[in-house]
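Asks: The structure is given below, and queries will be raised subsequently.
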Amino acid sequence: MYLNSTVDDDDVDDPAYHSVGEAALEKRVFESMTLARIREYLPQQTDPNTVDTYFGNPTGLIQFVGKKSTDASVARQTEFGSAPFQIGTDGLVGCTIVTVVSKRAVYMGHYWEEESWSSNYYFPRRVLNFIAGRQPQQGIGPAFNPALFNRPDDDTRVYIMHPRRGIRVYTSAIYRGKLTQLRTLFNQNLLPGVPIATWMYIPVNPRRGQPDPIADQPWRRHAIFQYDPNAHGAGNRGWRLFYEDHYFDDTNPPPGPASANGIPDLP
């Protein structure tokens, strides 16, 4: 289910990471996507038979030992270079994703629900301290490096994907208090004033034996970030982020203050 998810992947900034010729790079431009196209394209990125070969298989956000996933928090942090890449995962049933992106780099992390968010003991260790590089902490991957995101012209944004309470209104976070702590960590401590947008997705709780209200929507519960050094023409880099069928890219204005508390559902 989770592709390329070991934590010792080669640096995705290495030009050899993707076998893409210069001619292909020069012609590459982000396509304009309709909502229908987004919903078709997104689940294709976690299927090796349909993945966009220009970006290659996504660098994963879940650690595997053999074929079994562990409960470790996992983070990726990559400076933008000459090679396209994508990072992300599918199968989000209650976990939280954090993506921080500037003109120079991206940080993307995955934090399990039961092992992190539902525990007052583990939440600081596996989420807040792991992100900030403080002790005690538990996780795999780098601490967030503000130096890659704090220049005045970086146009940095933070995008959070967090489970909502069942199918309630889009501003109803399951872990409201802890989510506030996470936002505070970024926009008051690590990157004062940084704009934040939060997408509250519909989670799954199989223990309750309830039918999945979105089982017929295969684009759900995906989070995929893509970087293209030629997104806007040869040598003009760009990025885009898919949280389910919500689409964000570097041409969007920064999120407004209300976005931190939740982004409305799409039709």
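Asks: Inside the range 174-197, can you point out the residues that are part of a helix (DSSP H, G or I) and in contact with a His (Cβ under 8 Å, 6 or more places away or on another chain)?
Replies: Matches in the range 174-197: Leu179 only.
Asks: Can you confirm whether Asp13 is modelled with pLDDT under 95, under 20 Å from the mean Cα position of the chain (by Cα), closer than 22 Å to Gln77 by Cα and in a loop (DSSP other than H, G, I, E, B)?
Replies: yes
Asks: Right, next: Residues being over 18 Å from Asn150 (Cα atoms) and either under 18 Å from the mean Cα position of the chain (by Cα) or without any contact (Cβ under 8 Å) to a residue 24 or more places away in the chain (or both): count how many of those fall in the range 183-205.
Replies: 6
So that you can scan it fast, the table gives a plain yes or no per residue for (1) surrounded by fewer than 20 Cβ atoms within 10 Å (Cβ to Cβ); (2) out of contact with any strand residue (DSSP E or B) (no Cβ under 6 Å at 6 or more places or on another chain); (3) closer than 19 Å to Tyr111 by Cα:
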residue	(1), (2), (3)
Arg165	yes, yes, yes
Arg168	yes, yes, no
Ile174	no, no, yes
Ile196	no, no, yes
Met200	no, no, yes
Pro255	yes, no, no
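Asks: Related question: Go through Pro43, Pro48 for me and flag whichever is assigned to a loop (DSSP other than H, G, I, E, B) and out of contact with any His (no Cβ under 6 Å at 6 or more places or on another chain).
Replies: Pro48
Asks: Looking at (1) touching a Pro at 6+ places or on another chain (Cβ under 9 Å); (2) surrounded by fewer than 21 Cβ atoms within 10 Å (Cβ to Cβ); (3) assigned to a loop (DSSP other than H, G, I, E, B); (4) in contact (Cβ under 8 Å) with a residue 24 or more places away in the chain, which is the one condition that is false for Phe55?
Replies: (2)
Asks: Can you tell which of Ala83, Ala105 is more than 22 Å from Trp219 (Cβ to Cβ) and touching a His at 6+ places or on another chain (Cβ under 8 Å)?
Replies: On inspection, the qualifying residue turns out to be Ala83.
Asks: Considering only residues that are surrounded by fewer than 22 Cβ atoms within 10 Å (Cβ to Cβ), farther than 20 Å from Gln226 by Cβ and either basic (Lys, Arg) or touching a residue at least 60 places away in the same chain (Cβ under 8 Å) (or both), which ones fall in the range 98-138?
Replies: Selection gives Glu113, Arg125, Arg134, Gln138.
Asks: When the residues of the range 218-234 are narrowed to those that are among the aromatic types (Phe, Trp, Tyr) and over 18 Å from Ala197 (Cα atoms), which ends up surrounded by the fewest Cβ atoms within 10 Å (Cβ to Cβ)?
Replies: If we take residues in the range 218-234 being among the aromatic types (Phe, Trp, Tyr) and over 18 Å from Ala197 (Cα atoms), then Trp219 is surrounded by the fewest Cβ atoms within 10 Å (Cβ to Cβ).
Asks: Taking Phe85 as the residue in question, decide whether it is aromatic (Phe, Trp, Tyr), closer than 26 Å to Ala105 by Cβ, surrounded by 13 or more Cβ atoms within 10 Å (Cβ to Cβ) and in contact with a strand residue (DSSP E or B) (Cβ under 6 Å, 6 or more places away or on another chain).
Replies: For Phe85, the condition - aromatic (Phe, Trp, Tyr), closer than 26 Å to Ala105 by Cβ, surrounded by 13 or more Cβ atoms within 10 Å (Cβ to Cβ) and in contact with a strand residue (DSSP E or B) (Cβ under 6 Å, 6 or more places away or on another chain) - is met.
Asks: I'd like the residue in the range 235-253 that is of a type in the set (D, E, K, R) and more than 13 Å from Glu31 (Cα to Cα) and, out of all such residues, is surrounded by the most Cβ atoms within 10 Å (Cβ to Cβ).
Replies: Glu244
Asks: Additional query: Filter the range 58-77 down to residues that are part of a loop (DSSP other than H, G, I, E, B), of a type outside the set (Ser, Thr, Tyr) and buried (at least 17 other Cβ atoms within 10 Å of the Cβ), then give me how many there are.
Replies: Count: 6.
Asks: Scanning for something at pLDDT below 90, over 17 Å from Met108 (Cβ atoms) and surrounded by fewer than 17 Cβ atoms within 10 Å (Cβ to Cβ), does the range 32-49 turn up at least one residue?
Replies: yes
Asks: Continuing with this model, one more query. Among the residues that make up the range 207-221, is at least one of them in a loop (DSSP other than H, G, I, E, B), closer than 16 Å to Ile160 by Cα, of a type outside the set (Gly, Ala, Ser) and under 15 Å from the mean Cα position of the chain (by Cα)?
Replies: Looking through the range 207-221, at least one residue is in a loop (DSSP other than H, G, I, E, B), closer than 16 Å to Ile160 by Cα, of a type outside the set (Gly, Ala, Ser) and under 15 Å from the mean Cα position of the chain (by Cα).
Asks: Out of the residues in the range 105-161 that are acidic (Asp, Glu) and either in a loop (DSSP other than H, G, I, E, B) or touching a strand residue (DSSP E or B) at 6+ places or on another chain (Cβ under 9 Å) (or both), state the one that is farthest from Gly177 (Cα to Cα).
Replies: Asp153
The values are calculated or read from the model by the stated rules, or taken from the named source; none is laboratory data. All figures in this text were calculated on a predicted structure; none of them were measured in a lab. Note that each Cβ is placed from the backbone with ideal geometry, even for glycine, and that neighbours are counted across all protein chains shown.
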